[in-house]
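One structure below.
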Amino acid sequence: MMFFYELALTVLLANYVTALPQYGRPAGQKPSTPKSDYYISLGPRPYYLVNDMTPSPLKDRLESCENGPFSITDFSIGHRGGGTLQIPEETVESTTAGARMGAGVLECDVAFTRDRGLVCRHDLCDLHTTTNILLKPELAAKCSIPFTPANGTRPANALCCTSDITMAEYMTLCGKMDGFNASARNPQDYQFGTPSWRTELYSQCGTLMSLDSFITSVDSLPGHRSFTPELKTPPSTVKMPFNGYTQEQYASDMIEAFIRRGIDPNRVWAQSFNPPDIFLWINKYPQFGKHSVYLDQAGETPANFTAAVARLPSLAAQGVNIVAPPMQYLLTVGGPKNNTIVPSAYAIGARAAGLDIITWTLERSGPLARVAATRDSYYSTIASVIRRDGQLYEVLDVLARQVGIKGIFSDWSATVTYYANCFGLEGPVAADYKP
């Protein structure tokens with residue numbers, strides 16, 4: 001009797017399953033290829049930010065875009081990969097996340113190793129806070145300043161540079177969320193210190209990249225993707241020339257890496273804070289230099305800011321086409337009641353000089369309600385009017401539609417991709433710039 005009961009139940013279930021709606025591939029249809037089936041995924045954060053906005057026409061517009069469709073845009077530039085808000089920076093995982101969130105341009109900050117290998121690292125000397133080097137005794141012993149524990153009078157300390165180790169040694173490290181524990185008495189405890197508004201969830205063992213592996217990774221991504229390598233200026237602890245390696249050779253080697261791989265120069269947005277690097281690219285590699293990006297951080301004091309604005313026409317006259325100051329250089333508070341975010345003198349001056357503008361960095365500041373108290377640099381010129389997270393899109397809207405930026409770096413690419421798709425912003429086009 002039990003046999004017949006089980007047989008009847010099996011037939012009933014089979015009939016039920018057959019009657020369900022079928023969501024799989026129709027019979028005879030070939031599987032979709034990864035490139036044709038690549039899905040841009042933005043997750044919940046853009047929706048959280050829109051929901052947190054006060055009622056306004058901008059909020060209405062952004063709400064109208066909630067169902068997409070969303071596509072890759074070069075207006076969205078993945079800072080240190082683009083998943084950096086939650087994923088270890090300068091890793092395959094952060095870059096893949098930024099790409100999945102629609103960033104059309106992906107960043108590798110280029111540093112050199114002891115044997116002149118080029119690798120992706122935001123600072124030549126940040127390995128002690130962004131990797132697990134201190135947990136590898138044979139490599140920790142090579143650090144410029146070995147780990148010293150905290151005691152009653154001084155914090156824990158270490159300084160580990162890419163130039164301390166070889167390329168092969170570098171590639172054995174794991175990326176981690178940037179942070180350190182100043183009270184640590186041992187290297188294990190020193191690993192902690194990630195800001196509370198970030199997360200350790202994905203900080204398991206981030207896969208580090210050489211410049212060459214970065215090129216391979218980005219070039220293999222579905223959709224049209226571009227590269228933005230930033231030549232990192234060595235800190236004072238790494239004297240140049242480094243064992244005979246000059247700044248000029250370093251700047252040339254970065255561009256040559258793309259030439260060797262046959263990458264179209266119009267896909268490469270080379271960046272540097274060091275004007276001689278920009279001028280070298282303009283003169284030696286004009287097809288790359290014509291749209292190279294000068295990262296301008298020369299206006300950190302009121303007097304220097306005035307000088308930085310005054311220098312903009314001179315930069316244009318020397319062949320610079322794109323400047324990239326930090327966000328705070330482009331915004332100020334104004335309007336009839338002095339409570340409105342408006343373009344700054346720098347923004348107005350850059351446009352008057354015929355310069356295009358890219359800026360940095362969105363999603364790097366934590367909760368916006370705290371930016372005044374924490375003296376966050378990115379919001380320093382407008383902190384008096386910033387109260388809530390939803391204002392991030394108000395800031396981005398002023399940058400995009402009043403300042404007229406061509407693109408923006410973000411630690412969480414989805415935030416920018418959502419806005420750019422809603423307003424049809426495609427980002428800069430390298431072919432528009434002439435040598």
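Remarks
- The trypsin sites (Lys or Arg not before Pro) of the range 104-188 meeting both criteria, a DSSP state outside H, G, I, E and B (loop) and at most 12 other C-beta atoms within 10 angstrom of the site's C-beta, are Arg185.
- Relative intensity of the range 171-325 on a log10 scale, I(q)/I(0) at q = 0.12, 0.15, 0.18, 0.20 Å⁻¹, equals -0.74, -1.04, -1.19, -1.24, per a Debye sum over C-alpha point scatterers of equal strength in the absence of solvent.
- Distant alpha-carbon pairs in the range 129-212 (separation over 17 angstrom), percent: 47
- Quick note on the range 304-435: its Rg to Rh ratio, both from C-alpha atoms and Rh being the Kirkwood radius, is 0.97.
- Spread of Cα-to-Cα distances over 10 Å intervals beginning at zero, given as percent, for the range 340-413: 18, 53, 26, 3
- Plainly put, the range 270-376 has a radius of gyration that is 1.02 times its Kirkwood radius, both from alpha-carbon atoms, as the Rg/Rh ratio.
- When the surface is traced with a 1.4 Å probe over the full set of protein chains, Ser314 keeps roughly 60 Å² accessible.
- Two-decimal ratio, the range 58-201, of alpha-carbon radius of gyration to 2.2 N^0.38 Å: 1.24
- Mean separation of Cα contacts under 8 Å, 6 or more apart, over the residue count of the range 117-252: relative contact order %: 25
- Beta bridge orientation in the range 189-336: antiparallel %, DSSP, nearest 5: 10
- Alpha-carbon geometry of the chain: the Rg and the Dmax are 24.4, 94 Å, given in that order.
- Computed over the chain: relative contact order in percent, which uses C-alpha pairs under 8 Å that are six or more apart: 19
- Protein heavy-atom surface of the chain, 1.4 angstrom probe: 56% of the accessible area is carbon and sulfur, with nucleic acids and ligands not counted.
- Structure remark: mean-square fluctuation, Gaussian network model of the chain, C-alpha springs under 10 Å; the largest value among Thr417, Thr332, Thr216 belongs to Thr216.
- Beta bridges assigned by DSSP with both partners in the chain are antiparallel in approximately 35 percent of cases.
- Accessible area of the chain divided out per residue, in Å², using a probe of 1.4 angstrom: 45
- Percent of alpha-carbon pairs separated by more than 21 Å within the range 146-260: 57
- Packing, taken as the mean count of other beta carbons within 10 Å per residue, orders the peptides 71-83, 246-258 from highest to lowest as 71-83, 246-258.
The values are calculated or read from the model by the stated rules, or taken from the named source; none is laboratory data. As the structure is a computational prediction, the values presented were derived from the model and not from experiment. Note: ideal-geometry Cβ built from the backbone for every residue, glycine included; neighbour counts use all protein chains shown. SASA here: full protein model, heavy atoms, side chains in, ligands and nucleic acids out. Shrake-Rupley method; radii C 1.70, N 1.55, O 1.52, S 1.80 Å.
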